[in-house]
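Report on the structure given below.
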Amino acid sequence: MNAKKIITYVVVAFVIFYLFTQPTAAAAAVKGLFDGVSTGAERLSSFFTTLVSG
């Protein structure tokens, strides 16, 4: 097996382990990730709106 495949398996196993042992913390982490993506998209949208209208 190559190293990339092994690392992928280890990461997936860790994520599954984390979800089962710390579900509340995992949910908070995912919520934080989505909030960050949403905030970034809003700011990017605002930037392009200002750029086009200005």
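The values are calculated or read from the model by the stated rules, or taken from the named source; none is laboratory data. This structure is a prediction, so every number in the text was calculated from the model and none was measured. All Cβ positions, glycine included, derive from the backbone under ideal geometry; neighbour counts span all protein chains shown. Surface areas here come from the heavy atoms of the whole protein model, side chains and all, with no ligands, DNA or RNA. Shrake-Rupley method; radii C 1.70, N 1.55, O 1.52, S 1.80 Å.
A few comments on the model shown:
- Residue check, residue 52 in a helix (DSSP H, G or I), among the aliphatic types (A, V, I, L, M) and loosely packed, with under 10 Cβ neighbours inside 10 Å: yes
- Single residue of 39, 24 found to be of a type outside the set (Lys, Arg), open to solvent by 90 Å² or more (accessible area, probe 1.4 Å) and assigned to a helix (DSSP H, G or I): 24
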